[in-house]
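To start, the structure under review is shown below, and the notes come after it.
The values are calculated or read from the model by the stated rules, or taken from the named source; none is laboratory data. Model, not experiment: these values are computed from the prediction. Backbone-built Cβ (ideal geometry, glycine too); neighbour counts: all protein chains shown.
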Amino acid sequence: MNIYILGAAGWIPGANETSCIMVENKGQLFILDAGTGLSNIRKYAHILDKYDTVHLLLSHYHLDHMIGLSYIDPFIRDKRFRVYGPGLMAYPETTDYYLSAFLRQEFFSRSIDRFSHDVKVLDFPEETFFIGDTKISVTRQKHSAPSYRITLDDRLIYATDLSFSADAWEGVSADVLFHECWEYKEPEQDSYRHTSLRQLKEQLPLSSFGWIYLIHHNPDWGEDDFSKIKMLLAGTNISLAEDEMEISI
Ligand SMILES: [Zn+2]
Ligand SMILES: [Zn+2]
């Protein structure tokens, strides 16, 4: 499994673009979320060229996870494009309904069904399903709008935009966990929308994961904050994700 960080930030792009991770696994190409990080896909033509289908999985529909849809169409014109989102699993309407509304003609000149010759926009069919030989698991999280943890082959977990709950991690393990981190300063306010570094360090079963990368960084963070966070992470199996980082597991 080859993993490429295209967007490691949350909400507003700055030092990094917003939420987007690309994954090659068992002959399929996956993209997790479509934040501004999807603009970085232009640097990965050598990867895209190997695949005739792109599978995009959306954790939820907040704009920092969706805006990149308006950047991707030039790169997938000759490919099959499959998009999956929570839809009726958690919302009153389907993913197709939301994306069609988001990309309607007043906002973007090309509707999603014309991004390529073969586009399908689907809801997650079950909490566990297969794309090719890759097992996909989706688990609902607590956030200001329903968001989903996405697990590929029980090896990679992508968990962003969630209010942290230690119970959600009981018995869960993976080679690599990408987890949001929104706060690190003390005293921290536990948020119903997001997760703090203290919660991760004190309540996540760190040894259940080979490596943990912090994603969805707070846009207020600057160089000084990143240095302080790196010091707080010393001696742990947690590190800060950054755009264009490549990880093989
Ligand atoms: Zn977000
Ligand atoms: Zn969100």
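Numbers below:
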item: Extreme residue, surrounded by the fewest Cβ atoms within 10 Å (Cβ to Cβ), among residues of the range 103-127 that are touching a helix residue (DSSP H, G or I) at 6+ places or on another chain (Cβ under 7 Å) and of a type in the set (Phe, Trp, Tyr); result: Phe108
item: Cross-chain or 6+ apart pairs with Cβ under 9 Å, the range 145-172 first and within 21 Å of Leu88 (Cα to Cα) and within 13 Å of ligand 2 (Cβ to nearest atom), then assigned to a strand (DSSP E or B) and modelled with pLDDT under 95; result: none
item: Number of the condition not met by Ile12 [criteria: (1) away from ligand 2 (no atom under 16 Å from the Cβ); (2) of a type in the set (A, V, I, L, M, F, W, C); (3) assigned to a loop (DSSP other than H, G, I, E, B); (4) under 17 Å from the mean Cα position of the chain (by Cα)]; result: (1)
item: Set Asn237, Asn218: member being of a type in the set (S, T, N, Q) and within 21 Å of Ser147 (Cβ to Cβ); result: Asn218
item: Selection count where residues are within 16 Å of the chain's Cα centre (by Cα), away from ligand 1 (no atom under 15 Å from the Cβ) and under 22 Å from Gln105 (Cβ atoms), scope the range 57-92; result: 2
item: Answer from Gly222, Gly210 - the residue that is more than 21 Å from His143 (Cβ to Cβ), away from ligand 1 (no atom under 16 Å from the Cβ) and modelled with pLDDT under 95; result: Gly222
item: Near pairs, Cβ below 9 angstrom, 6+ apart or cross-chain, from the range 177-189 (within 27 Å of Ile247 (Cβ to Cβ)) to any residue that is at pLDDT below 80 and among the acidic types (Asp, Glu); result: Glu183/Asp190
item: Any hit, the range 12-27, residues being among the acidic types (Asp, Glu), modelled with pLDDT of 95 or more and touching a Leu at 6+ places or on another chain (Cβ under 7 Å); result: yes
item: Filtered residues of the range 9-47 (kept if within 12 Å of ligand 1 (Cβ to nearest atom), surrounded by 24 or more Cβ atoms within 10 Å (Cβ to Cβ) and aliphatic (A, V, I, L, M)); result: Ala9, Ala34
item: Residue list for the range 50-78, restricted to those being out of contact with any helix residue (DSSP H, G or I) (no Cβ under 7 Å at 6 or more places or on another chain), within 16 Å of Ile131 (Cα to Cα) and assigned to a loop (DSSP other than H, G, I, E, B); result: Tyr51, Asp52
